[in-house]
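A short worksheet on the structure shown next.
The values are calculated or read from the model by the stated rules, or taken from the named source; none is laboratory data. Values in this document were obtained by computation on a predicted structure and should not be read as measured data. In this analysis, Cβ positions are derived from the backbone assuming ideal geometry, glycine residues included, and neighbour counts consider all displayed protein chains. Quick note on the areas: whole protein, heavy atoms, side chains included, nothing else; ligands and nucleic acids left out. Shrake-Rupley method; radii C 1.70, N 1.55, O 1.52, S 1.80 Å.
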Amino acid sequence: MIRISLDLMGGDFGPEVVVPGAAKALDRHPDITFVMYGQKERCEAVLAKYPKLREKSVFHECEVAISMDEKPSQALRRGRYVSSMWRSIEAVKTGGADVVVSAGNTGALMAMAKFCLRTMANIERPAIAAIWPTLRGESIVLDVGATIGADAQQLLDFALMGGAMARALFEIERPTVGLLNVGVEEIKGQEEVKDAGRLIREANLESLEYYGFVEGDDIGKGTVDVVVTEGFSGNIALKAAEGTAKQIGAYLRAAMSRTLLARIGYVLAKGAFDLLREKLDPSKVNGGVFLGLNGIVIKSHGGANAEAFAAAIDVGYDMAKNGLTQKIENDLKRYHAKRLPPIGPEAA
């Protein structure tokens, strides 16, 4: 059994989306059991509509729900130990669940997860990894917004963690990893990125194959299995891709309804347009993974519908079933056992 902890109050819609999403995930993975946290009156009314899910779940009442606009510091002060968000994370810490999934406030979720679970040994910063649809299938991109900026060692840590996630999610023995840069030439880019490239190459990591620098268009091409960057550029890339998908969808809808001939053409090519719509559907790739913590935390989009939230649970299920945390810990231990001297002024 995979035990999944749910923050029922998270997101724009709370239990009205989280509960039916969990029901969909249970249909796909009958070996799931749920531990749920939320406000009793609101949650019990929704759970009553899903008797099969209710049977596979344990519900815990929490009076406090973290709102989507609360600052992380405020959320910690008000919700530590008592909120549905905190207690759902705490279930992973205490061993009551294998993974936690929440659609709640990203900043608050990261702050609580760091405070409750703590970061792994030798990890300075956690990262948020996103699953990215590509022409080859799917890739992993990190960091997409946990923190701004990263030095060479932190980028190497991201590479190790992203590689472990690729092995857990895609079942690839030695995933390819690229550093996002403004060009593929070794002389281009910020010093931190160039230093990270040298550090990863010289480390000769057994768990991944270092490809080198990749550019922005390589993300969608699927040039590598894992794209590593810092949170500022990663978040901009993520939001730009989401906006572009919506823009293309709007253009197509406008074009197909413009004339009678266009509408007839749409009917004739409906199968192809349905396939395109599915490829552009963000609900199919929902679920960011917090990497570098002593436990698995999955962040769903706050505005996710039930199908999208079920997809986030699917990601958590795969990460727990394939031992993500243990893979990251093993890779970090192997690297730090033979760690090279640092790069930069401190090496002088």
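Could you check the range 41-57 and list, in sequence order, the residues that are part of a helix (DSSP H, G or I) and of a type in the set (Lys, Arg)?
Answer for the range 41-57, where residues must be part of a helix (DSSP H, G or I) and of a type in the set (Lys, Arg): 42, 52, 54.
On the basis of being loosely packed, with under 13 Cβ neighbours inside 10 Å, among the aliphatic types (A, V, I, L, M) and within 19 Å of the chain's Cα centre (by Cα), does residue 187 make the cut?
Criteria not met by residue 187.
Taking the conditions exactly as written (open to solvent by 50 Å² or more (accessible area, probe 1.4 Å), in contact with a helix residue (DSSP H, G or I) (Cβ under 7 Å, 6 or more places away or on another chain) and at pLDDT 95 or above), does residue 124 satisfy them or not?
Answer is no for this residue.
Name every residue in the range 14-34 that is without any contact (Cβ under 8 Å) to a residue 60 or more places away in the chain, open to solvent by 20 Å² or more (accessible area, probe 1.4 Å) and under 19 Å from residue 308 (Cβ atoms), in order of residue number.
Selection gives 16, 27.
Filter the range 14-37 down to residues that are part of a helix (DSSP H, G or I) and either within 18 Å of residue 91 (Cα to Cα) or among the aliphatic types (A, V, I, L, M) (or both), then give me how many there are.
Of the residues in the range 14-37, 7 are part of a helix (DSSP H, G or I) and either within 18 Å of residue 91 (Cα to Cα) or among the aliphatic types (A, V, I, L, M) (or both).
Six or more apart or on different chains, Cβ under 7 Å: which pairs go from a residue in the range 35-52 that's closer than 21 Å to residue 2 by Cβ to one that's assigned to a loop (DSSP other than H, G, I, E, B)? Could you list them?
Listed pairs, sorted by first residue: 35/96; 35/97; 36/8; 37/8; 37/62; 38/8; 38/9; 38/62.
Please enumerate the residues belonging to the range 225-244 that are aliphatic (A, V, I, L, M), touching a strand residue (DSSP E or B) at 6+ places or on another chain (Cβ under 9 Å) and over 19 Å from residue 160 (Cα atoms).
Within the range 225-244, 237, 238, 241 qualify.
Given the criteria small (Gly, Ala, Ser), within 12 Å of the chain's Cα centre (by Cα) and either open to solvent by 20 Å² or more (accessible area, probe 1.4 Å) or within 28 Å of residue 96 (Cα to Cα) (or both), does residue 129 qualify?
Against the criterion (small (Gly, Ala, Ser), within 12 Å of the chain's Cα centre (by Cα) and either open to solvent by 20 Å² or more (accessible area, probe 1.4 Å) or within 28 Å of residue 96 (Cα to Cα) (or both)), residue 129 qualifies.
Restricting attention to the range 212-227, and to residues there that are open to solvent by less than 20 Å² (accessible area, probe 1.4 Å) and out of contact with any Ser or Thr (no Cβ under 8 Å at 6 or more places or on another chain), which single residue is farthest from residue 185 (Cα to Cα)?
Looking at residues that are open to solvent by less than 20 Å² (accessible area, probe 1.4 Å) and out of contact with any Ser or Thr (no Cβ under 8 Å at 6 or more places or on another chain), I get 212.
Inside the range 205-246, can you point out the residues that are touching an Asp or Glu at 6+ places or on another chain (Cβ under 6 Å) and of a type in the set (S, T, N, Q)?
Passing the criteria: only 207.
Could you check, for the range 186-194, whether at least one of its residues is of a type in the set (Lys, Arg) and either under 28 Å from residue 334 (Cα atoms) or in contact with a Pro (Cβ under 9 Å, 6 or more places away or on another chain) (or both)?
yes
Taking only the range 132-166 into account, find how many residues are among the charged types (D, E, K, R), modelled with pLDDT of 90 or more and surrounded by fewer than 24 Cβ atoms within 10 Å (Cβ to Cβ).
Going through the range 132-166 one residue at a time, the tally reaches 1.
For the range 76-98, which positions are of a type outside the set (Phe, Trp, Tyr) and more than 21 Å from the chain's Cα centre (by Cα)?
If the condition is that a residue be of a type outside the set (Phe, Trp, Tyr) and more than 21 Å from the chain's Cα centre (by Cα), then 76, 77, 78, 79, 80, 82, 83, 94, 95, 96 are the ones that fit.
Yes or no: residue 64 closer than 16 Å to residue 5 by Cβ and surrounded by fewer than 21 Cβ atoms within 10 Å (Cβ to Cβ)?
Criteria not met by residue 64.
Return only the number of the condition from (1) in contact (Cβ under 8 Å) with a residue 24 or more places away in the chain; (2) over 22 Å from residue 133 (Cβ atoms) that residue 179 does not satisfy.
Failed condition: (2).
Just to be sure before I move on: is residue 109 buried (at least 24 other Cβ atoms within 10 Å of the Cβ), of a type in the set (A, V, I, L, M, F, W, C), closer than 19 Å to residue 6 by Cβ and modelled with pLDDT of 90 or more in the structure I sent?
Yes, satisfied.
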